[in-house]
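Read-outs: derived from the displayed coordinates by stated rules, not from any lab. Note that this is a predicted model, so its numbers are computed, not measured. Ideal geometry is used to build each Cβ from the backbone, glycine not excepted, and the neighbour counts take in all protein chains shown.
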Amino acid sequence: MTETTAVPTAAASQAARSERRPELDVLTTLIVGGLMFFHTASIFSGQQLVVNKVQSGLTGFLAGLVVVFEFLWIMPALMFVAGIAIWYSLGRRTAGEFVRERLLRLGAPFLTGLVLLNPPQVYYYLLQRTNVQQSFWQFYPRYWNIRFSVWSFPYFLEAAGPEQTFGVGYLWFLIYLLVYTLLLLPLFLHLRTPAGERLVERVAGFFSRGLAVFLLAIPIALLEAILAASWQSGWNRWIWPFIILYGYLFAADPRLTQALVRHRTLALVLGLVGFLVVFLGFGMLMGMQIDAFTDPGGPAMIVRLVKGTSAWLLVVGFVGLATHLGQRGPRARPGVAAAEGAPSGTQHEAAGQPTFWTGLAAYGREAQLPYYVLHQLPIIVIGFYVVQWNMAPLWKLLIISLPSLALTLLVYEFVVRRTIVTRFLFGLRLRPRPDR
């Protein structure tokens, strides 16, 4: 869901480059692809619209580990990389072009998911929990029992009435990213002015020293600890502007990027320790019948404090690791690979000739957003029936996830990317890029 380009200097005037950051394309593709297994595992840890009612102790435990681990860092990482992409995008577009592109790229798939893909999921949720006696088409108007609410920022709509059928569900990411990007746009534009560049240099000079990059966890951790999480994301809604802004700043100054690379190992170790604390804390609070996400008491606040800190550490660790791996090979610059004695395949890529892997990365980069919008519906529909079968939970997990993965990819390949209308609805360019 991101597009990035490598820039070796902090000056905003040099933002538009032909080089890419393929390591971040690969990272976000893996993250988005892994959501299939994250949301399937949620069925067996009780955190999904459809749940496996007959729980297995071992399977539930392992599913819980997977869900908590991925929950801690994958969406913060996507927001962070989205901030990086914004910096490069503004180097190629005027403010007006950028706003128009964001509205189409994020707004159109959000509405597509909200109108077409989310209602069936809610319907199957009600089928499992209330045994609703209506067809889907009879239920569909009930889904739109909504009201305007300022408290539902950033989308200002919430379910009305006792049924509470309306919700944005997993689509929260798209609307949060869209709204916060537009709200931050004046700041982003200021940071590209001479005065803004000087501010970026001062900020980067401080946070690239020692372990100062870890201090950026403080706003995230405090917001998580003090304020309640929103039910859609499991995170406090106000952490996302910070994470998007962090990504923007890290793209603007290479010293911050190198700080990620330098501290990746320590960040991963500390982040994994924090993950174990959060996992055990969630279990402890659940046993005490305390909501870890919203309870104002001390134990829940401590768990959320560790949660916010660990999230940033894992983002630093994984993005730093991806950047390190990307820097190990030569960038796609003519003559670099040959000069450094790189293998012939790398020379082709350095000379601008597409290879199998660059083609695969380009395909994954374009598929991310439609895949994200599409992937949850087959999980819910297939999962609704499979969880009722009398078989081992592990087999159920595989039977739900693998066909859902195949179906999502097939719909993307043979439906979404084939027509101008479907490309528009799912946030793709109306015509594929020439480099594809």
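Here are the numbers for the structure shown:
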item	result
Lys, Arg +1 and Asp, Glu -1 on Cβ, resulting dipole of the range 240-337 about Cα centre, debye, nearest 20	560 debye
Net charge over other residues, Cβ less than 13 angstrom from the Cβ of residue 321 (K, R count +1; D, E count -1)	+2
Average silhouette area of the chain, convex hull of alpha-carbon atoms, in square nanometres	22.2 nm²
Packing-based exposure ordering (other Cβ within 10 Å, fewest first) of 178, 49, 30	30, 178, 49
About the Cα centre, charge dipole magnitude for the chain (Lys/Arg +1, Asp/Glu -1 at Cβ), debye	680 debye
The chain: relative contact order in percent, alpha carbon pairs under 8 Å with at least 6 residues between	24 percent
For the chain, built as a Gaussian network whose Cα springs stay under 10 Å, the top-fluctuating residue of 186, 393, 154	186
For the chain, calculated [θ]222 nm from helices alone, where every DSSP H run of n ≥ 4 adds -39500 (n - 2.57)	-21000 deg cm²/dmol
Dipole of the chain [Lys/Arg +1, Asp/Glu -1 at C-beta], most positive-end residue of 428, 315, 179	428
Cut-off under 5 Å, modelled amide H: who pairs with residue 236 long-range	230
